[in-house]
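Presented below is the structure to which this report refers.
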2 protein chains.
Amino acid sequence: MKMPEFNLRIPGPVPLPCEVREALSRDMIDHRGPEFAALFDEITEGLKYVFQTRYDILILTSSGTGGLEAALVNVLSPGERVLAVINGFFGERWFEIANAFGLEAIPLRFPLGSGADPEEVRKAIRKAYPCKAVLITHNETSTGVTNDLKAIAEAVRSLENPPLILVDAVSSLGAIDLRPDEWGCDVVVTASQKALMAPPGLSLISVSPRAWEAVEKASLPRFYWDFRKAREYANRRQTPFTPALTVLFGLRESLKLIREEGLDRIFARHREIAEFTRASIKSLGLRLFPEERWASNTVTAVRVPEGLRAEEIIMRMREEHATIIAGGQGELKGKILRIAHIGRVSREDMARAIEVLSKVLKNV
Amino acid sequence: MKMPEFNLRIPGPVPLPCEVREALSRDMIDHRGPEFAALFDEITEGLKYVFQTRYDILILTSSGTGGLEAALVNVLSPGERVLAVINGFFGERWFEIANAFGLEAIPLRFPLGSGADPEEVRKAIRKAYPCKAVLITHNETSTGVTNDLKAIAEAVRSLENPPLILVDAVSSLGAIDLRPDEWGCDVVVTASQKALMAPPGLSLISVSPRAWEAVEKASLPRFYWDFRKAREYANRRQTPFTPALTVLFGLRESLKLIREEGLDRIFARHREIAEFTRASIKSLGLRLFPEERWASNTVTAVRVPEGLRAEEIIMRMREEHATIIAGGQGELKGKILRIAHIGRVSREDMARAIEVLSKVLKNV
């Protein structure tokens, strides 16, 4: 197989390290046997490290969206009120899921390109009493914004009888600091194909003791997503249903790489590369989409210069320079470009991508 | 990596052909780009061949159980009556899922080891009017029984205003003849890791026009499983959410292998190997679990001889001879052994497995 050397700079799936790719070609094993149990233990332990948690970790075979749906159906009952903090496409999607399941979801929207204001979140919850849960997207991939989850969680937890804090950490966990136990995040959902540097196919979820209490009381219908089943099988070092084994083989290797590099160093690398990316973008005379104080360390959103077509820029970067970036989603379609720097990424990867962008901009 | 040569004879995941394994180590691609669209087309076309259908095919990232849940939540509304045809663990599970989602599920049980009787299914539906859907497990992996789906579907369709026919074809499709269009099966669910010879992580589903009408009226809550979203994105040659790309890379190759061998030849191979397996089992003085006329062509269930422990037989086959077979599930735990012959399997694989079984039986 000959393949061109692509520079894949979309916000997931991310390019895979060699060690991960090699592990993927392993043949199948018995997912109810002792070899699987060892794999399960190793991965669970590795995930606890990356999640910085002592809470239970559950492994579901699905995309990240499946994990977000699972979070809702496991801790809530029909008609219960939740606050959906929204500042982009993924916040909107989680709000939509809540609506689809008959929750009374109250949207709290912030302008695209801004982060959520902790004090406003707190006020909105007080107004929405009794509010059972608050849904927060840690890193809003669609706008390149990272919400100040720590401050938001603190504001929420300062309330009497605070709602559960449910976090979409799909494009942050393992790249941007997130401490479920310390910050009081009850359910944190991520996926295998972002900072975890494995292929897509798994969602990974931490569940706090407070969330477990809610799981027992919740009455939304669930079977495949049932956290209780996942925990029961986890105690036997299995998953309830046949898991995406190949993705687990890859994840075991990527978790080793993450341990070797160390979380603090990984966070610092993402921060530095993001700063470098933003500085380079600005030096081309381009404008960042988000207010810079909210700018994400995993994806940079750039305004499309007046008079140019996003689709054409993306197409030419891909066709002429084997560099893959993403466009805007929803109402930002055509208005922004998104260049990711999450997972296996170096300053050189970004320098190459930005050079390509610069070349293409000169010729469109 | 050195790995012993295992003879993996559990009913899925199945051993992967080399061509599939090689494809798994590919690096990630943009799941919203043109390369993915080509992959999506190729896989959809290959699946239509294996499904022997012109109906729509949907691809979900989940295990087969997820696909079975998806089938229910897409065509039914809370409180609707369904008939669950049950003759084993997987039939029970689907019944459980129906209950979890607030359907009025009526179980129609047949003895373990027997197939479902078409006439009794028809009568039960008449008694249960209005019955919105009937759930049938084509091949009951837990007992090694294949139901006569064609005859059951015919009996059901002979009724006035017949219910939708929903089929769990996880351990049959691609190994045992199944014709959704010709037989009138409205939703047929399979998974990637059985006869399709790819790793687990995808469920594949065919949806008839009559099922699509039901999808429009159904009101069970759904988002991740929503067939309408899957179809809308399929029209753009994408999936709604990031799919298990690596599994798709593998599936593309296995579908090519299936085309090369040809479905008829694959069905015949499974039939011959199953017959060989049953004959060999009997020649060892062992007894088949199911009545032989119902015996499955993808998995053979064998009674554990009086006085022997299933767990020990399985453990010694694994530890001493690198041969992995399965035990019984649910109430059959400890009572049967299950040896699979589905997907990439030859007569030699089975001869080796049975020789090992014979050796171990002499020494326990």
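General remarks:
- The other copies place their A:R236 label points at 4.1 nm from this one, listed shortest first, where each point is 7 Å from Cα along Cα→Cβ.
- Reachable lysines from B:K217, criterion Cα separation under 16 angstrom, eight or more residues apart if same chain: B:K132, B:K229
- Relative contact order of chain B, pairs being alpha-carbon contacts under 8 Å that are 6 or more residues apart, as %: 25
- The accessible surface of the protein assembly as shown, taken with every protein chain in place and a 1.4 Å probe, is 47 percent carbon and sulfur.
- Ellipsoid semi-axes for the stretch B:263-307, based on the Cα gyration tensor and the rule √(5λ), read 23, 10, 7 Å when sorted largest first.
- When A:K359, A:K127 are compared by accessible surface with a 1.4 Å probe, the order from highest to lowest is A:K127, A:K359.
- Think of a 1.4 Å ball rolled over the protein heavy atoms: the stretch A:250-349 then has 47 Å² of accessible area per residue.
- The largest accessible area among A:S219, B:S254 belongs to the first residue in A:S219, B:S254, and the rest follow in falling order (1.4 Å probe, all chains).
- The residues of the stretch B:27-66 listed by number as losing at least 30 Å² of accessible area in the complex, against the isolated chain and with a 1.4 Å probe, are B:D27, B:M28, B:D30, B:P34, B:T61, B:S63, B:T65.
- Cβ charges +1 (Lys, Arg) and -1 (Asp, Glu), total dipole of chain A, debye: 420
- Taking all protein chains together, B:E96, B:E140 sort by accessible area into B:E96, B:E140, largest first [probe 1.4 Å].
- Taking B:L47, B:L149, B:L220 as the candidate residues, the one with maximal mean-square fluctuation in a Gaussian network model of chain B, Cα springs under 10 Å, is B:L220.
- Among B:K150, B:K132, B:K217, residue whose mean-square fluctuation peaks in a GNM of chain B (springs only between Cα atoms under 10 Å): B:K217
- Chain B and chain A together bury an accessible surface of about 4200 square angstrom, both sides counted, with a 1.4 Å probe and no ligands or nucleic acids included.
- Projected onto its three principal axes, the C-alpha set of the stretch B:104-242 covers 43, 35, 27 Å, listed from the longest axis down.
- Cα centre as origin, Lys/Arg/Asp/Glu Cβ charges: the protein assembly as shown dipole, Debye: 60
- GNM result for chain B, Cα springs below 10 Å: residue of B:L108, B:L308, B:L76 fluctuating most strongly: B:L308
- Against the rule of thumb 2.2 N^0.38 Å, how large the Cα Rg of chain A comes out: 0.98
- Across the identical copies, the label point of B:K362 (7 Å from Cα in the Cβ direction) is separated from its matches by 7.9 nm, in order from shortest.
- Taken along the Cα-to-beta-carbon direction at a fixed 7 Å, the label points for B:R347 and B:V364 span 2.8 nm.
- Each residue, B:S219 and B:E311, gets one label point 7 Å from its Cα in the Cβ direction; the gap between the two is 4.9 nm.
- Entries in B:K150/B:K194; A:K194/A:K256; A:K282/A:K362; A:K48/A:K256; B:K194/B:K256; A:K333/A:K362 that, when Cα-Cα distance is taken, lie over 18 Å: B:K150/B:K194; A:K333/A:K362
- When only the Cβ of Lys, Arg, Asp and Glu is charged (+1, +1, -1, -1), the dipole of the stretch A:253-327 relative to its Cα centre reaches about 160 debye.
- For the stretch B:235-287, the convex hull spanned by the alpha carbon atoms encloses 154 Å³ per residue.
- Note on the stretch B:1-52: Cα-Cα pairs beyond 14 Å make up 73% of the total pair count.
- One Cα centroid belongs to the stretch B:301-328, the other to the stretch A:30-103; the line between them spans 36 Å.
- Cα-based equivalent ellipsoid of the stretch B:223-342: semi-axis lengths in Å, sorted from largest, via gyration tensor: 37, 19, 15
- Span per principal axis, largest first, for the Cα atoms of the stretch A:103-168 (Å): 32, 24, 18
- Computed over the protein assembly as shown, the percent of Cα pairs more than 47 Å apart is 18.
- Only DSSP H runs of four or more residues enter the estimate; each adds -39500 (n - 2.57), and after division by the residues of chain B the mean residue ellipticity at 222 nm equals -13500 deg cm²/dmol.
- Relative pair counts by distance (%), Cα atoms of the stretch A:38-131, 5 Å bins: 3, 12, 18, 17, 18, 15, 11, 5, 2, 0
- Other copies of A:E182: label-to-label distances in nm, shortest first, labels 7 Å along the beta-carbon direction: 6.4
- Across the stretch A:270-297, the residues whose backbone nitrogen lies under 20 Å from the label position 7 Å along the beta-carbon direction of A:E182 are A:270-272, A:297.
- Stokes-Einstein diffusion for the stretch B:298-364 at 20 °C, viscosity 1.002 mPa s, with a Kirkwood radius from C-alpha pairs, works out to 177 µm²/s.
- Distribution of pairwise C-alpha distances over the stretch B:58-105, 10 Å bins, in %: 26, 56, 18
- Accessible surface computed residue by residue for the stretch B:1-113, with neighbouring protein chains in place and a 1.4 Å probe, gives 34 Å² per residue.
- Note on A:R231 and B:L284: the model spin-label points, each 7 Å out from Cα along the C-beta direction, lie 4.1 nm apart.
The values are calculated or read from the model by the stated rules, or taken from the named source; none is laboratory data. In this text, all values refer to a predicted model and were calculated from it rather than measured experimentally. Virtual Cβ from ideal backbone geometry, glycine too; neighbours counted across all protein chains shown. Note: areas computed on protein heavy atoms with side chains; ligands, DNA, RNA excluded. Shrake-Rupley method; radii C 1.70, N 1.55, O 1.52, S 1.80 Å.
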